[in-house]
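Chemist: Sharing a structure here in C-alpha coordinates format.
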Amino acid sequence: MNTLPTYNGHRPMISSSQLLKRGERLLEPDVYRTELAGRAAVVKDYRRYRGTPLSPLARLLVRREARVLRRLSGWKHAPALLGTVGGLALGMEFVPGHTLSAGVQEVSQEVFDQLQSALTRLHAAGITHNDLHGTNVVVSAGVPVLLDFTSAWRSPRWLRNGPISRQLRRSDMKNLVKMRQRLTGQRPSAEQAALLAEPHWVQAIRNLWKRLYRHLKGQPAAR
(Lines give C-alpha, C1' and ligand atoms only; values in the text may rest on other atoms or scores of the structure.)
Protein backbone atom coordinates (compact mmCIF):
# COMPACT_ATOMS: atom_id res chain seq x y z
CA MET A 1 0.00 0.00 0.00
CA ASN A 2 1.58 3.29 -1.02
CA THR A 3 -1.28 5.73 -1.51
CA LEU A 4 -3.96 7.14 0.75
CA PRO A 5 -6.64 9.81 0.23
CA THR A 6 -5.29 13.34 0.05
CA TYR A 7 -4.17 14.70 3.41
CA ASN A 8 -4.33 18.35 4.38
CA GLY A 9 -3.41 19.75 7.78
CA HIS A 10 -4.74 17.73 10.68
CA ARG A 11 -7.61 15.97 8.87
CA PRO A 12 -7.74 13.71 5.80
CA MET A 13 -9.73 15.04 2.90
CA ILE A 14 -12.36 12.32 2.43
CA SER A 15 -14.32 13.60 -0.56
CA SER A 16 -13.71 10.32 -2.40
CA SER A 17 -13.87 8.15 0.70
CA GLN A 18 -16.45 7.27 3.32
CA LEU A 19 -15.69 8.35 6.87
CA LEU A 20 -16.68 5.49 9.17
CA LYS A 21 -15.59 6.98 12.48
CA ARG A 22 -14.00 10.25 13.56
CA GLY A 23 -11.29 9.85 16.15
CA GLU A 24 -12.47 11.90 19.13
CA ARG A 25 -10.68 10.32 22.07
CA LEU A 26 -6.97 10.34 22.83
CA LEU A 27 -5.01 8.24 20.30
CA GLU A 28 -8.21 7.20 18.55
CA PRO A 29 -7.71 7.19 14.77
CA ASP A 30 -9.94 8.50 12.04
CA VAL A 31 -11.33 5.43 10.26
CA TYR A 32 -12.58 5.56 6.71
CA ARG A 33 -13.37 3.32 3.80
CA THR A 34 -11.57 3.90 0.53
CA GLU A 35 -9.99 2.01 -2.34
CA LEU A 36 -6.34 0.99 -2.43
CA ALA A 37 -4.79 -0.61 -5.50
CA GLY A 38 -8.26 -1.46 -6.75
CA ARG A 39 -9.31 -3.14 -3.50
CA ALA A 40 -11.98 -1.97 -1.06
CA ALA A 41 -10.07 -1.00 2.07
CA VAL A 42 -10.39 0.44 5.55
CA VAL A 43 -7.75 2.93 6.71
CA LYS A 44 -7.00 3.76 10.32
CA ASP A 45 -5.41 7.18 10.19
CA TYR A 46 -3.34 8.60 13.06
CA ARG A 47 -1.64 11.28 10.94
CA ARG A 48 -3.12 14.14 12.93
CA TYR A 49 -0.53 13.25 15.59
CA ARG A 50 2.40 13.81 13.23
CA GLY A 51 4.88 16.21 14.80
CA THR A 52 3.26 16.02 18.24
CA PRO A 53 4.55 14.40 21.46
CA LEU A 54 2.03 11.60 20.89
CA SER A 55 3.46 10.65 17.51
CA PRO A 56 5.71 7.86 18.92
CA LEU A 57 2.75 6.26 20.68
CA ALA A 58 0.59 6.48 17.55
CA ARG A 59 3.38 4.85 15.52
CA LEU A 60 3.64 2.11 18.12
CA LEU A 61 -0.09 1.36 17.82
CA VAL A 62 0.22 1.11 14.03
CA ARG A 63 3.28 -1.18 14.25
CA ARG A 64 1.67 -3.47 16.83
CA GLU A 65 -1.58 -3.91 14.93
CA ALA A 66 0.25 -4.41 11.63
CA ARG A 67 2.47 -7.04 13.26
CA VAL A 68 -0.55 -9.00 14.51
CA LEU A 69 -2.37 -8.81 11.17
CA ARG A 70 0.79 -9.87 9.36
CA ARG A 71 1.04 -12.91 11.61
CA LEU A 72 -2.63 -13.74 10.88
CA SER A 73 -2.16 -13.39 7.11
CA GLY A 74 -4.37 -15.81 5.19
CA TRP A 75 -6.63 -16.54 8.19
CA LYS A 76 -10.28 -16.14 7.23
CA HIS A 77 -11.25 -14.74 10.64
CA ALA A 78 -9.10 -11.58 10.34
CA PRO A 79 -8.86 -8.89 7.62
CA ALA A 80 -5.83 -8.92 5.35
CA LEU A 81 -3.18 -6.29 6.00
CA LEU A 82 -2.63 -4.03 2.99
CA GLY A 83 0.25 -2.09 4.52
CA THR A 84 1.19 1.09 6.33
CA VAL A 85 2.10 4.61 5.22
CA GLY A 86 4.56 6.85 6.99
CA GLY A 87 4.18 4.86 10.19
CA LEU A 88 0.94 6.68 11.05
CA ALA A 89 -1.68 5.02 8.84
CA LEU A 90 -2.72 1.39 8.58
CA GLY A 91 -4.62 -0.09 5.65
CA MET A 92 -6.52 -3.38 5.68
CA GLU A 93 -9.10 -5.06 3.48
CA PHE A 94 -12.71 -3.98 3.86
CA VAL A 95 -14.84 -6.90 5.07
CA PRO A 96 -18.49 -6.60 3.96
CA GLY A 97 -21.21 -7.90 6.23
CA HIS A 98 -22.99 -7.00 9.47
CA THR A 99 -21.52 -6.63 12.93
CA LEU A 100 -22.75 -8.38 16.07
CA SER A 101 -23.86 -5.08 17.52
CA ALA A 102 -26.90 -4.52 19.68
CA GLY A 103 -29.09 -3.87 16.64
CA VAL A 104 -28.67 -7.38 15.23
CA GLN A 105 -31.89 -9.38 15.57
CA GLU A 106 -30.76 -12.96 15.02
CA VAL A 107 -27.43 -14.77 14.79
CA SER A 108 -27.12 -18.51 14.27
CA GLN A 109 -25.46 -20.84 16.76
CA GLU A 110 -23.15 -21.91 13.93
CA VAL A 111 -21.67 -18.41 13.74
CA PHE A 112 -20.87 -18.48 17.44
CA ASP A 113 -19.45 -22.00 17.18
CA GLN A 114 -17.12 -20.70 14.46
CA LEU A 115 -16.24 -17.65 16.55
CA GLN A 116 -15.43 -19.76 19.59
CA SER A 117 -13.24 -22.05 17.47
CA ALA A 118 -11.50 -19.02 15.95
CA LEU A 119 -10.86 -17.50 19.36
CA THR A 120 -9.46 -20.81 20.62
CA ARG A 121 -7.04 -20.92 17.67
CA LEU A 122 -6.06 -17.30 18.23
CA HIS A 123 -5.28 -18.04 21.87
CA ALA A 124 -3.31 -21.14 20.89
CA ALA A 125 -1.08 -18.85 18.83
CA GLY A 126 -0.45 -16.78 21.96
CA ILE A 127 -2.63 -13.86 20.80
CA THR A 128 -5.49 -12.30 22.74
CA HIS A 129 -7.85 -9.77 21.18
CA ASN A 130 -8.60 -7.80 24.39
CA ASP A 131 -11.45 -5.73 22.91
CA LEU A 132 -13.99 -8.33 21.89
CA HIS A 133 -17.47 -6.87 21.54
CA GLY A 134 -20.21 -6.81 18.94
CA THR A 135 -18.92 -3.96 16.79
CA ASN A 136 -15.54 -5.70 16.47
CA VAL A 137 -17.02 -8.84 14.91
CA VAL A 138 -18.45 -8.76 11.40
CA VAL A 139 -20.26 -11.72 9.85
CA SER A 140 -19.36 -11.96 6.16
CA ALA A 141 -21.00 -14.71 4.08
CA GLY A 142 -21.67 -16.66 7.27
CA VAL A 143 -18.09 -16.36 8.55
CA PRO A 144 -17.28 -14.28 11.67
CA VAL A 145 -14.30 -11.97 11.17
CA LEU A 146 -12.53 -10.26 14.06
CA LEU A 147 -11.84 -6.55 13.60
CA ASP A 148 -9.72 -3.93 15.39
CA PHE A 149 -6.57 -5.58 16.74
CA THR A 150 -5.32 -2.34 18.29
CA SER A 151 -5.47 -3.82 21.79
CA ALA A 152 -4.34 -7.30 20.77
CA TRP A 153 -1.38 -8.79 22.56
CA ARG A 154 0.93 -11.65 21.62
CA SER A 155 2.47 -13.19 24.70
CA PRO A 156 5.99 -14.61 24.54
CA ARG A 157 5.92 -18.40 24.68
CA TRP A 158 7.37 -18.48 28.18
CA LEU A 159 4.57 -16.22 29.51
CA ARG A 160 1.58 -17.94 27.91
CA ASN A 161 0.71 -19.99 30.99
CA GLY A 162 1.19 -17.10 33.40
CA PRO A 163 -1.71 -15.55 35.33
CA ILE A 164 -1.89 -12.41 33.16
CA SER A 165 -2.10 -14.36 29.91
CA ARG A 166 -4.70 -16.72 31.36
CA GLN A 167 -6.79 -13.77 32.49
CA LEU A 168 -6.62 -12.13 29.05
CA ARG A 169 -7.83 -15.35 27.42
CA ARG A 170 -10.54 -15.70 30.05
CA SER A 171 -11.70 -12.14 29.38
CA ASP A 172 -11.94 -12.78 25.62
CA MET A 173 -14.00 -15.91 26.19
CA LYS A 174 -16.19 -14.19 28.75
CA ASN A 175 -17.04 -11.46 26.26
CA LEU A 176 -17.84 -14.10 23.65
CA VAL A 177 -20.21 -15.91 26.05
CA LYS A 178 -21.94 -12.60 26.85
CA MET A 179 -22.47 -11.86 23.15
CA ARG A 180 -23.78 -15.35 22.55
CA GLN A 181 -26.26 -15.11 25.40
CA ARG A 182 -27.44 -11.66 24.30
CA LEU A 183 -27.97 -12.63 20.67
CA THR A 184 -29.06 -16.27 20.91
CA GLY A 185 -30.38 -16.60 24.45
CA GLN A 186 -27.96 -19.45 25.17
CA ARG A 187 -26.70 -19.26 28.73
CA PRO A 188 -23.26 -20.60 29.66
CA SER A 189 -23.16 -24.08 31.12
CA ALA A 190 -22.15 -24.59 34.74
CA GLU A 191 -18.77 -25.83 33.52
CA GLN A 192 -18.25 -22.75 31.34
CA ALA A 193 -19.29 -20.42 34.16
CA ALA A 194 -16.76 -22.07 36.47
CA LEU A 195 -13.97 -21.78 33.90
CA LEU A 196 -14.77 -18.12 33.23
CA ALA A 197 -15.14 -17.10 36.86
CA GLU A 198 -12.62 -14.42 37.75
CA PRO A 199 -9.98 -15.39 40.33
CA HIS A 200 -9.89 -13.50 43.61
CA TRP A 201 -6.85 -11.44 42.64
CA VAL A 202 -8.67 -10.06 39.57
CA GLN A 203 -11.73 -9.19 41.64
CA ALA A 204 -9.52 -7.46 44.21
CA ILE A 205 -7.81 -5.34 41.55
CA ARG A 206 -11.16 -4.50 39.93
CA ASN A 207 -12.68 -3.45 43.26
CA LEU A 208 -9.60 -1.39 44.12
CA TRP A 209 -9.81 0.39 40.78
CA LYS A 210 -13.52 1.12 41.26
CA ARG A 211 -12.84 2.65 44.69
CA LEU A 212 -9.96 4.71 43.31
CA TYR A 213 -12.09 5.89 40.38
CA ARG A 214 -14.92 6.94 42.70
CA HIS A 215 -12.42 8.77 44.89
CA LEU A 216 -10.99 10.64 41.89
CA LYS A 217 -14.52 11.51 40.75
CA GLY A 218 -15.47 12.66 44.24
CA GLN A 219 -18.18 10.01 44.57
CA PRO A 220 -18.92 8.21 47.85
CA ALA A 221 -17.58 4.68 48.10
CA ALA A 222 -20.10 1.88 47.69
CA ARG A 223 -20.92 -0.01 50.89
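The values are calculated or read from the model by the stated rules, or taken from the named source; none is laboratory data. Not measured: the values here are computed from a predicted model. Positions of Cβ are generated from backbone atoms using ideal geometry, with glycine treated the same way; all protein chains shown enter the neighbour counts. Please note that ligands, DNA and RNA were not included when accessible areas were found on the heavy atoms of the full protein model with its side chains. Shrake-Rupley method; radii C 1.70, N 1.55, O 1.52, S 1.80 Å.
Chemist: Relative to the longest principal axis of the C-alpha atoms of the chain, give the angle of the C-alpha long axis of helix 55-71, reported between 0 and 90° and rounded to the nearest 10°.
Modeler: Helix 55-71 and the main axis of the chain meet at about 70 degrees.
Chemist: Related question: For the chain, calculate the relative contact order in percent as a whole number, restricting contacts to Cα pairs under 8 Å that are 6 or more residues apart.
Modeler: 14 percent
Chemist: Rounded to the nearest 10 Å², what accessible area does Thr150 have for a 1.4 Å probe in the complete protein model?
Modeler: So the heavy atoms of Thr150 present about 30 Å² to solvent.
Chemist: Right, next: Determine ³J(HN,Hα), in whole Hz, for all residues of the range 35-52 in sequence, where each value follows from phi through the Karplus function 6.51 cos²θ - 1.76 cosθ + 1.60 and θ = phi - 60°; x replaces Gly and Pro.
Modeler: Karplus-based 3J(HN,Hα) across the range 35-52 equals 10, 10, 6, x, 10, 5, 9, 10, 10, 9, 10, 9, 5, 5, 8, 4, x, 10 Hz.
Chemist: Explain nothing, just the number: dipole magnitude of the chain about its Cα centre with +1 on each Lys and Arg Cβ and -1 on each Asp and Glu Cβ, in debye rounded to the nearest 20.
Modeler: For this selection, approximately 920 debye.
Chemist: What angle, in degrees between 0 and 90 and rounded to the nearest 10, separates the Cα long axis of helix 109-124 from the longest principal axis of the Cα atoms of the chain?
Modeler: Result, in degrees: 80.
Chemist: How much of the accessible area of the chain, probe 1.4 Å, is carbon plus sulfur, in whole percent?
Modeler: The value for the chain is 54 percent carbon and sulfur by accessible area.
Chemist: Tell me, what HN-Hα J-couplings in whole Hz come from the Karplus equation 6.51 cos²θ - 1.76 cosθ + 1.60 at θ = phi - 60° for each residue of the range 143-153, using x for Gly and Pro?
Modeler: Rounded to whole hertz, the list is 10, x, 10, 7, 10, 6, 9, 4, 8, 5, 9.
Chemist: For helix 200-217, what angle does its Cα long axis make with the longest principal axis of the chain, in degrees from 0 to 90 and rounded to 10?
Modeler: Rounded to the nearest ten degrees, it is 60.
Chemist: Name the residue from Gly134, Gly23, Leu168 whose Cα lies farthest towards the positive end of the charge dipole of the chain, charges +1 on Cβ of Lys and Arg and -1 on Cβ of Asp and Glu.
Modeler: Leu168
Chemist: While we're here: What's the whole-number percent of alpha carbon pairs in the chain lying beyond 22 angstrom?
Modeler: 59 percent
Chemist: Quote the accessible area belonging to Arg71 in square angstrom, nearest 10, computed with a 1.4 Å probe and with ligands, DNA and RNA left uncounted.
Modeler: Counting only protein heavy atoms, Arg71 exposes about 130 Å² to solvent.
Chemist: Taking 0.36 nm per intervening residue step and subtracting the Cα-Cα distance, what contour gain separates Lys76 from Trp201 on full extension?
Modeler: This chain segment gains 41.4 nm when fully extended.
Chemist: Using each residue's phi in the range 87-101, evaluate 6.51 cos²θ - 1.76 cosθ + 1.60 at θ = phi - 60° and report the 3J(HN,Hα) Karplus result to the nearest Hz, with x for Gly and Pro.
Modeler: Karplus values, whole Hz, x for Gly and Pro: x, 10, 9, 10, x, 9, 5, 7, 9, x, x, 10, 7, 8, 7.
Chemist: Could you give the nm distance between label points at Ser55 and Arg182, where each point is 7 Å from its Cα heading toward the beta carbon?
Modeler: 3.9 nm
Chemist: Something else: Around Lys76, under 14 Å between beta carbons, what's the net of Lys plus Arg minus Asp minus Glu among the other residues?
Modeler: Around Lys76, the charge tally is 0.
Chemist: What distance in nm lies between label points placed 7 Å from Cα along the C-beta direction at Arg214 and Lys21?
Modeler: 3.1 nm
Chemist: So, for the chain, what is the accessible surface per residue at a probe of 1.4 Å, expressed in square angstrom?
Modeler: Using a 1.4 Å probe on heavy atoms only, each residue of the chain averages 59 Å².
Chemist: Further question on the same structure: Report, by chain and number, residues whose modeled amide H sits under 5 Å from the one on Gly83, excluding near sequence neighbours (fewer than 5 apart, same chain).
Modeler: Counting only residues 5 or more places away or on other chains, the set is Gly91.
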